[in-house]
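No lab work stands behind these numbers, since they all come straight from the coordinates. These figures come from a predicted structure and were not determined experimentally. With ideal geometry, Cβ positions are generated from the backbone for all residues, glycine too; neighbour counts draw on all protein chains shown.
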Amino acid sequence: MNTLPTLEGIQEARNQLKGICKQTPFVKSERLSQQVNASVFLKREDLQEIRSFKIRGAYTKMNGLTSAKRRQGVLCASAGNHAQGVAYTCKALKIQGHVYMPATTPQQKVAQVQYFGGDYVNTVLVGDTYDECQQVAFEAAKKEKKIFIHAFDDLQVIEGQATIALELLEQYPEGLDTLLVPIGGGGLIAGLLTVFKSLSPQTEIIGVEPMGASSMKLALDNGQRIPLQTMDRFVDGAAVREVGTLPFSICSSHLQTILTVDEGKICQTLLDLYNKDGIVAEPAGALAISALDQLGKSYEKKTIGVMLCGGNNDILRMQEIRERALIYANLKHYFLVQFPQRSGALKEFVTLILGSTDDITHFEFSKKNYRNSAPAVVGIELQQASDFDLLVKRMKKHKFKYQYLNDKPDLFQFLV
């Protein structure tokens with residue numbers, strides 16, 4: 001039995017997926033091409049029926065189960081997209097399934113899981129992170145004797161995801177110079193590496209991780225899988241504390257480069273995709289696109305493929321996305337300001353401290369009896385990043401005592 005994905009297995013997976021998942025477009029983005037002076041093409045996996053590539057792996061794995069195993073039922077853990085793939089497949093193959101999702105999963109994804117699975121799926125929300133949820137799901141699968149469908153650390157799942165690579169080679173037979181691939185648990189990039197190293201070895205595969213959850217980079221830097229001690233969960237589709245064993249094995253042999261992207265930059269990419277291209281992407285879907293600016297001049301004039309891997313974004317997250325984008329661009333700043341407890345103090349702040357285009361967008365004040373001053377949390381939005389130095393200079397000039405909160409992560413997390 002093969003322990004690594006093979007081209008034969010990937011081709012067989014593609015045959016199984018006919019009529020189940022789409023051959024998604026691979027289209028040139030004129031805007032992004034001009035931005036980096038190269039030919040940039042997007043693989044639009046957000047246009048799948050479940051709006052992500054995860055249907056490929058889930059269906060491949062479950063379609064290969066024997067009749068006896070199908071009768072046992074299946075169980076999975078997922079931050080959302082794999083869950084939708086499993087749910088869709090449960091209904092298509094008439095398999096009963098239990099889908100475990102972190103309690104922090106956006107409601108939009110929870111609702112979609114139930115929509116795709118219908119009466120064949122029960123959802124269970126548990127744990128704050130994917131890893132906590134997965135541990136509970138593992139134990140439940142063992143206890144209930146159900147087949148666990150892993151999101152990324154599974155041979156058939158990886159072969160299913162790798163069918164994307166076969167499509168890319170057909171859609172761009174001239175051969176890509178570079179392919180940017182998002183990394184969560186590592187299943188997608190492991191599959192793409194398997195195909196490209198054999199059929200298009202001249203194509204450079206670059207992995208991309210969110211800065212706050214770069215578990216594959218940590219593993220490769222240390223030569224072994226290591227759980228992240230802290231993690232930013234914002235990019236929920238790629239925030240995995242520890243990468244899979246099989247993906248790590250493949251990546252350690254064939255992946256040369258990993259880029260990490262600030263979550264704020266990803267937020268700006270999400271807004272640009274929506275406002276400029278009319279594309280609704282999720283944070284993990286925009287992850288690889290966000291790394292284009294890091295490629296540098298040596299990539300100019302080259303042909304660059306980028307995986308846009310998912311479009312399951314919850315509209316309720318847009319305020320947080322905008323906020324993080326503004327902070328990343330140095331246009332939103334938070335201060336803890338000591339205000340004198342006398343009438344007119346706030347008016348003085350507005351008149352003397354704010355510039356003509358500055359705007360207070362957040363203000364929390366708590367009056368303290370028998371004190372000369374009391375703190376207020378003040379959020380100020382600027383039109384230009386260069387206005388920040390002038391703002392601080394005016395506060396010092398007029399003797400408003402303050403603490404800058406943007407660079408104090410322990411406090412800042414309560415604001416954003």
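When N is the residue count of the stretch 166-223, what does its C-alpha Rg come to as a fraction of 2.2 N^0.38 Å? In units of the 2.2 N^0.38 Å rule of thumb, it is 1.22. Taking amide H positions as modeled 1.01 Å from N, with prolines and chain starts lacking one, the residues under 5 Å from Glu204 and 5 or more places away or on another chain are Thr178, Leu179. Please compare each pair in Lys91/Lys276; Lys54/Lys217; Lys43/Lys408; Lys54/Lys145; Lys265/Lys401; Lys28/Lys91 to a cut-off of 27 Å on the Cα-Cα distance and tell me which ones are over it. Going by Cα-Cα distance, Lys91/Lys276; Lys43/Lys408; Lys265/Lys401; Lys28/Lys91 fall outside the 27 Å limit.
Result for the chain in a Gaussian network model with C-alpha springs under 10 Å: among Leu354, Leu192, Leu169, the largest mean-square fluctuation is at Leu354. For the chain, the 222 nm mean residue ellipticity estimated from helices alone, with every DSSP H stretch of n ≥ 4 adding -39500 (n - 2.57) and the total spread over all residues, rounds to -11500 deg cm²/dmol.
Tell me, what is a quarter of the convex hull surface for the C-alpha atoms of the chain, in nm² with one decimal? Numbers along the way, then the final one.
Working: hull surface 93.3 nm².
For the chain, averaging the hull's shadow over all directions gives 23.3 nm².
Sorted largest first, the principal axis extents computed over the alpha-carbon atoms of the stretch 330-412 equal 39, 31, 20 Å. Comparing Ala288, Ala238, Ala38 in a Gaussian network model of the chain where C-alpha atoms under 10 Å apart are linked, the largest mean-square fluctuation is found at Ala38.
When each of Glu132, Glu209, Glu170 is scored by the number of other beta-carbon atoms lying within 10 Å, the sequence from fewest to most is Glu170, Glu132, Glu209.
Distance between the pseudo-spin-label points of Asp119 and Gln256 (7 Å out from Cα toward the beta carbon): 5.5 nm.
Could you work out the percent of alpha carbon pairs in the stretch 54-155 separated by over 23 Å, rounded to a whole number? Please list the in-between numbers first.
Numbers: 663 of 5151 pairs.
Considering the stretch 54-155, 13 percent of its Cα-Cα pairs are separated by more than 23 Å.
Each of His362, His333, His398 was scored by other Cβ atoms within 10 Å of its Cβ. Arranged with the fewest first, they read His398, His362, His333. The modelled label-to-label distance for the pair Thr6/Lys143, using points 7 Å beyond Cα in the direction of Cβ, is 3.9 nm.
Residues considered: Ser249, Ser366, Ser52. Largest GNM mean-square fluctuation over the chain, using C-alpha springs under 10 Å, is found at Ser366.
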